[in-house]
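The values are calculated or read from the model by the stated rules, or taken from the named source; none is laboratory data. Source: prediction; values computed, not measured. With ideal geometry, Cβ positions are generated from the backbone for all residues, glycine too; neighbour counts draw on all protein chains shown. All accessible areas refer to the heavy atoms of the entire protein, side chains included, with ligands and DNA or RNA removed. Shrake-Rupley method; radii C 1.70, N 1.55, O 1.52, S 1.80 Å.
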Amino acid sequence: MNKRSITDLKAEELKGKKILVRVDFNVPLDEQRKITDDLRIRAALPTIKYLVDAGAKLILCSHLGQPKTEEEKAGLSLAPVAKRLSELTGQNVLMVSDCIGEVVKQAVAKMNNGDIILLENVRFYKGETKNDPEFAKQLAENAELYVNDAFGTAHRAHASTEGVTKFLPGVAGFLIQKELEFLGSALNRPKRPLMAIIGGAKVSSKIGVLRHLLQKVDTLFVGGGMAYTVLKALGYEVGKSLLEPDFVNEAKAIMAEAKAQNKELILPTDVIIADSFSNEAKTRVAKIDAIPADWEGLDIGPETIKAWSAKVQTAATVLWNGPVGAFEMPTFCKGTEAIARALAETKAVTIIGGGDSVAAINKFGLADKVTHISTGGGASLEFLEGKVLPGIAALKDK
């Protein structure tokens, strides 16, 4: 997707212009409504700083959570974000008590060049997720240009991600530009060999991803809970391991496609099995053809770790989406940690997508050792599946 970005605009197209910027400030809050992780706020800073330095008037909008009741709305105001953003930018960010209407119009009218205001949570209105044209028009009416820098919501056709582009010319911010460059080049112009490691719990949620990636990659690793459905398709008994019987035939079809395209599809050869889904369970290593009926696989085994880690070192580009075991439990996180470390050590371009993979990279302190961490879980997954992302498709082409 060759989309226009803020760097394609001339200085006079930014100075003094009122710019509606869709950011992703959907940050975690504790019970005292304090931000526990400001990564998403910091991720938007390059775009914010660039536009402030250009003398634009920034009108920031975002969602936070999924408020449905008035009580939930009270706990999901973006006020804590405005406070944190003021600290990070070193300038006062004015929090507006609404995202449309007279109060916004008045706040914008008082802005000077380089000022920043943050609108209240756009999901306080049902028109946001319904992509209501009237709500989108009201969001857009105080601005002259739209910048989308919220990759995490780009797969949603909402009023603030897609609807506003019917009323304002839209371009990409640095964050979206970076995502498109890394994910786009990995899929369409990769350095080869291109390998993808796909994990996670269910094969049903990633059938489309596996199919699309088979068209692109040289080697596809399948791990995590989803591997057991594929192993079942090969005729192995998987005991009490996570299994989706309705998708065994789909798994067979994917393996047939891999064979027909002469693509390497790699599955675990051994796994860590347990007598229950618990961190305190009894565990042992088992070959994939020797999983007892009353045990379940919860991580890849040492033989698999060694083979996969060595294979990754021969790659030029590696995509990773989804953990290869129940990594949230310390007993079953060794496989996921080993994959993370293998990616940190390889000289390949390494791209991490999906919430759990990103959580794993951060958990093991390896975020600065990989090439790119995608900020959008669902969006990066749909991008890998070859789907059109409405929030990006709506932006101006170069």
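Output ³J(HN,Hα) for the range 257-263: one whole-Hz value per residue in order, computed from phi by the Karplus curve 6.51 cos²θ - 1.76 cosθ + 1.60 with θ = phi - 60°, and x for Gly and Pro.
5, 4, 5, 5, 8, 6, 9
May I ask you to list the lysines whose Cα is less than 17 Å away from that of Lys83, ignoring any residue fewer than eight positions away on the same chain?
Lys34, Lys49
Just to verify a number: what accessible area does Trp295 come out at with the full protein assembly present, 1.4 Å probe, Å² rounded to tens?
Surface accessible to solvent at Trp295 totals approximately 40 Å².
What number comes out for accessible area per residue over the range 222-298 if the probe is 1.4 Å? Units Å², please. Don't skip to the answer; put the middle values down first.
On the way: 3880 Å² over 77 residues.
About 50 Å² of surface per residue is accessible.
Ignoring ligands, DNA and RNA, how do Met329, Met226 rank by accessible area with a 1.4 Å probe, largest first?
Met329, Met226
Run through the DSSP bridge list for the chain and note the antiparallel percent, rounded to the nearest 5.
Details: 11 of 49 bridges.
In the chain, approximately 20 percent of DSSP beta bridges are antiparallel ones.
Counting only protein heavy atoms and using a 1.4 Å probe, what share of the accessible area of the range 165-271 belongs to carbon plus sulfur, as a whole percent? Show your work: numbers first, answer last.
Values: 2330 of 4440 Å².
After summing per-atom areas, the C and S share lands at 53 percent.
If we count every other residue with Cβ under 11 angstrom of Arg40's Cβ, Lys/Arg +1 and Asp/Glu -1, where does the sum land? Provide the component values of the computation, followed by the final result.
Details: positive: Arg42, Arg84; negative: Asp24, Asp37, Asp38, Asp149.
Within the 11 Å Cβ shell, the charges total -2.
So what's the gap between the Cα centers of the range 109-123 and the range 326-343, to the nearest angstrom?
With the range 109-123 and the range 326-343 each reduced to a Cα centre, they are spaced 43 Å.
Using θ = phi - 60° and the Karplus form 6.51 cos²θ - 1.76 cosθ + 1.60, what ³J(HN,Hα) does each residue of the range 49-62 get, whole Hz, x for Gly and Pro?
Ordered by residue, 3J(HN,Hα) equals 5, 4, 6, 5, 5, 7, x, 7, 9, 8, 10, 8, 9, 7 Hz.
Which sequence of Leu210, Leu45 reflects their accessible areas, 1.4 Å probe, from the largest down?
Sorted by accessible area, descending: Leu45, Leu210.
When you count, for each residue, the other Cβ atoms within 10 Å and take the mean per peptide, how do 229-238, 362-371 rank with the highest first?
So the order, starting with the most tightly packed, is 229-238, 362-371.
Based solely on its DSSP helices, what 222 nm [θ] is calculated for the chain when runs of n ≥ 4 H residues each add -39,500 (n - 2.57) and the sum is averaged over all residues, nearest 500 deg cm²/dmol? Write out the running numbers ahead of the final one.
On the way: 16 runs with 137 residues, N = 398.
One gets -9500 deg cm²/dmol as the mean residue ellipticity at 222 nm.
Which parts of the range 261-281 would a label at Gln215 reach, counting a residue when its backbone N lies under 19 Å from a point 7 Å out along Cα-to-Cβ?
Answer for this model: 261-265.
Restricting to DSSP loop positions (anything but H, G, I, E, B) with no more than 13 other Cβ atoms inside 10 Å of their own Cβ, which GluC sites (Glu not before Pro) remain in the range 254-285?
Filter output for the range 254-285: Glu280.
Taking θ as phi - 60°, what are the ³J(HN,Hα) couplings along the range 334-342 by the Karplus curve (6.51, -1.76, 1.60), each to the nearest whole Hz, with x for Gly and Pro?
Ordered by residue, 3J(HN,Hα) equals 4, x, 5, 5, 5, 5, 4, 5, 4 Hz.
How much net charge surrounds Gly235 when only the other residues with a Cβ under 12 Å from the Cβ of Gly235 are counted, with Lys and Arg +1 and Asp and Glu -1?
My count for the surroundings of Gly235 gives 0.
Solvent-accessible area of Val96, probe 1.4 Å, all protein chains present, reported in Å² to the nearest ten, please.
Solvent-accessible area, nearest 10 Å²: 10 Å².
Quick one: net charge around Ala342, please, counting Lys, Arg +1 and Asp, Glu -1 for every other residue with C-beta under 14 Å from its C-beta.
+4
In terms of Cα to Cα distance under 16 Å, which lysines are near enough to Lys363, apart from those fewer than 8 places away along the same chain?
Lys334
Amide H to amide H, which residues 5 or more places from Ser5 or on other chains are under 5 Å from it, using H placed in the peptide plane?
Residues meeting the criterion, in which the H sits 1.01 Å from N, are Ala172.
Would you mind getting the accessible area per residue of the range 2-77, heavy atoms of the protein chains only, 1.4 Å probe, in Å²?
Working: 3840 Å² over 76 residues.
Each residue of the range 2-77 exposes 51 Å² on average to a 1.4 Å probe.
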